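The values are calculated or read from the model by the stated rules, or taken from the named source; none is laboratory data. Everything numeric here is computed off the predicted structure, so don't read it as measured data. For neighbour counting, all protein chains shown are included, and Cβ atoms are generated from backbone atoms with ideal geometry for every residue, glycine included. What goes into the accessible areas is simple: the full protein's heavy atoms, side chains included, and nothing from ligands, DNA or RNA. Shrake-Rupley method; radii C 1.70, N 1.55, O 1.52, S 1.80 Å.
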Amino acid sequence: MGLTCQSCGKALLNEQLNIKVGGNEKFIVALAGNPNVGKSTVFNALTGLKQHTGNWPGKTVTNARGSYTYKNRKFTLVDLPGTYSLLANSVEEQVARDFICFGKPNATIVVTDATCLERNLNLVLQVMELTDNIILCVNLMDEAKRKGISVNIQALQEILGVPVVGTTARNGKGLNQLMDKVYNIALGLEKTSPKKPVYNEAIEKEVEHLIPKLKNILDDKLDPRWVALKLLEGDQTILDSINQFLYKNTHKEVVCFYGS
Ligand SMILES: Nc1nc2c(ncn2[C@@H]2O[C@H](COP(=O)(O)OP(=O)(O)OP(=O)(O)O)[C@@H](O)[C@H]2O)c(=O)[nH]1
Ligand SMILES: [Mg+2]
């Protein structure tokens, strides 16, 4: 397998969404999660009436953005479509993946359902592979309690290596703590150390082989390990997205060929 490309352009997604980046004051926060786990409830509770809706650039999928202020800092929250994975099998998954990947949010909250955490953790692990700036929000804690399920937030935090906050978004419980964690991660006051999945020997060997080549090409704009894993999956959409968001207007493109 080989890769060719000549140069890197600037990420365009925030511009296309009319999200103004830059300055010390405005931080971008992505809100990801499986469908129906309470993402929009968290989004509405934090942003109130300060919301805009539209479509993702070139897609029929709805996009909602809103803002809130916490400790005198302004945060722009982006409500991503509900997805079970970031494998780009659907437009929704590709939109969510591309925003986390190319929109470069200062923090990504993954909202999960406390009553079926195991299923939700699949997406959490995928986001952890993509970014270190992640906060796990275990929502529907009231429902879990009602069903006799207790979630050990501290243990989860230690196992995953990322901040975990238990919430009941419907009545606002835990949302202050969530904003506090987002603040700490976005401003770099707290560092995470996500325990990223390790694959079998054959895959890890190929990843190791690809990383140095990808480092040259990606120029610190994307995590080369993550891109290597996508290429080994044979995911063509990641190349399309790199060309769309990193290399647009540069006359450059990245292509992948398989061979000896
Ligand atoms: N009991 C309880 N219900 C909640 C909580 N948070 C959200 N809900 C309810 O769960 C349902 C789904 O909430 P949404 O906020 O629409 O979920 P979502 O993740 O945005 O869903 P999609 O956008 O369809 O993926 C709604 O009926 C909410 O009122 C919570 O903490 N406790
Ligand atoms: Mg929603």
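Quick notes on this one:
- When the criteria are applied in full, residue 189 meets the requirement of being at negative phi, within 20 Å of the chain's Cα centre (by Cα), of a type outside the set (D, E, K, R) and modelled with pLDDT of 95 or more.
- Qualifying positions in segment 176-204 - of a type in the set (S, T, N, Q) and either open to solvent by less than 50 Å² (accessible area, probe 1.4 Å) or closer than 17 Å to residue 138 by Cβ (or both): 176, 177, 184, 192
- Count of residues meeting criterion [open to solvent by less than 20 Å² (accessible area, probe 1.4 Å) and of a type in the set (D, E, K, R)] in segment 87-112: 2
- Leading residue by the ranking (surrounded by the fewest Cβ atoms within 10 Å (Cβ to Cβ)) among those in segment 114-130 that are farther than 29 Å from residue 26 by Cα and in contact with a Lys or Arg (Cβ under 9 Å, 6 or more places away or on another chain): 115
- Residue within segment 85-96 that is outside the structural domain of residue 238 (by TED's automatic domain parsing), touching a Gly at 6+ places or on another chain (Cβ under 9 Å) and within 16 Å of ligand 1 (Cβ to nearest atom) present: yes
- When segment 165-183 is filtered for residues that are more than 15 Å from residue 31 (Cα to Cα) and out of contact with any Phe, Trp or Tyr (no Cβ under 9 Å at 6 or more places or on another chain), the ones remaining, listed by number, are 166, 168, 170, 171, 172, 173, 174, 177.
- Residue ID - most open to solvent (accessible area, probe 1.4 Å), chosen from residues in segment 131-152 that are touching a Leu at 6+ places or on another chain (Cβ under 9 Å) and farther than 27 Å from residue 88 by Cβ: 149
Residue-by-condition table, conditions (1) assigned to a strand (DSSP E or B); (2) within 13 Å of ligand 2 (Cβ to nearest atom):
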residue: 37; (1), (2): no, yes
residue: 42; (1), (2): no, yes
residue: 45; (1), (2): no, yes
residue: 53; (1), (2): yes, yes
residue: 57; (1), (2): no, no
residue: 68; (1), (2): yes, no
residue: 76; (1), (2): yes, no
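- Residue match in segment 72-86 (condition: surrounded by fewer than 20 Cβ atoms within 10 Å (Cβ to Cβ) and among the charged types (D, E, K, R)): yes
- Close contacts from segment 62-75, counting a first residue that is within 14 Å of residue 187 (Cα to Cα) and a second that is outside any strand (DSSP E or B) and at pLDDT below 90, with Cβ to Cβ under 8 Å and a gap of 6+ residues or different chains, come to 73/25; 74/25.
- Residues that are among the charged types (D, E, K, R), assigned to a helix (DSSP H, G or I) and out of contact with any helix residue (DSSP H, G or I) (no Cβ under 8 Å at 6 or more places or on another chain), drawn from segment 177-223: 180, 181, 201, 204, 205, 208, 213
- Qualifying residue in segment 205-218 (condition: within 22 Å of residue 112 (Cβ to Cβ), touching a residue at least 12 places away in the same chain (Cβ under 8 Å), open to solvent by less than 70 Å² (accessible area, probe 1.4 Å) and not aromatic (Phe, Trp, Tyr)): no
- Cβ-Cβ under 8 Å pairs, at least 6 apart or on other chains, segment 113-134 side of a type in the set (Phe, Trp, Tyr), far side in a helix (DSSP H, G or I) and open to solvent by 60 Å² or more (accessible area, probe 1.4 Å): none
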